[in-house]
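What follows is calculated from the coordinates using simple rules that are stated; it is not laboratory data. Note that the structure is predicted; figures quoted are calculated from it, not measured. Glycine also receives a Cβ, built like all others from the backbone with ideal geometry; neighbour counts cover every protein chain displayed.
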Amino acid sequence: MQGLVMERLQNSLEDEGKKKIIYLGDGNGDFCPSLKLKESDYLMPRMNFALSDLVSKNSNDIKANVHDWMDGEELENVLLHIINKANNIGKENNIVGPKIISNDCKLGTVSIDAHKIFPEAIAVPL
């Protein structure tokens, strides 16, 4: 499923003239989209997690530039390095900086404080 999402994202970026994707992942479900990445893209698997192991075992199938990360600090450093590198290449070629698009394929939950009191509703005449 995520592989199809990746293909749609790539198609829309090509239509806009964008060329690079930075994909972060850690689980088995992130491997299929990783296979869809191109040579100009970046794959950032979290070290010591399933995706990192799959990438190591199937490195010949991965076309993207791979940059592992272990914790939040390292993730920040590696990600900023990649973005700065892309910006510098763009400046050399007179290309405007990258547009950052986040596409989170995972459904998450949002916690709500059960004891928080909501403001009183205001009656609106019809």
The number of Lys pairs in segment 2-92 whose alpha carbons lie under 23 Å apart, excluding pairs fewer than 8 residues apart on one chain, is 23
With +1 on the Cβ of every Lys and Arg and -1 on the Cβ of every Asp and Glu, the dipole magnitude of segment 2-92 about its Cα centre, in debye rounded to the nearest 20, is 300
Placing each pseudo-label 7 Å from Cα in the direction of the beta carbon, LEU79 and ASN58 end up separated by a distance in nanometres of 2.4
Between ASN48 and GLU14, the FRET efficiency computed from the C-beta separation at R0 = 25 Å comes out, to the nearest 0.05, as 0.15
Ranked output for segments 47-60, 30-43 by mean other Cβ atoms within 10 Å, highest leading, reads 30-43, 47-60
Computed over segment 2-92, the relative contact order (Cα-Cα under 8 Å, seq sep at least six) in percent reads 24
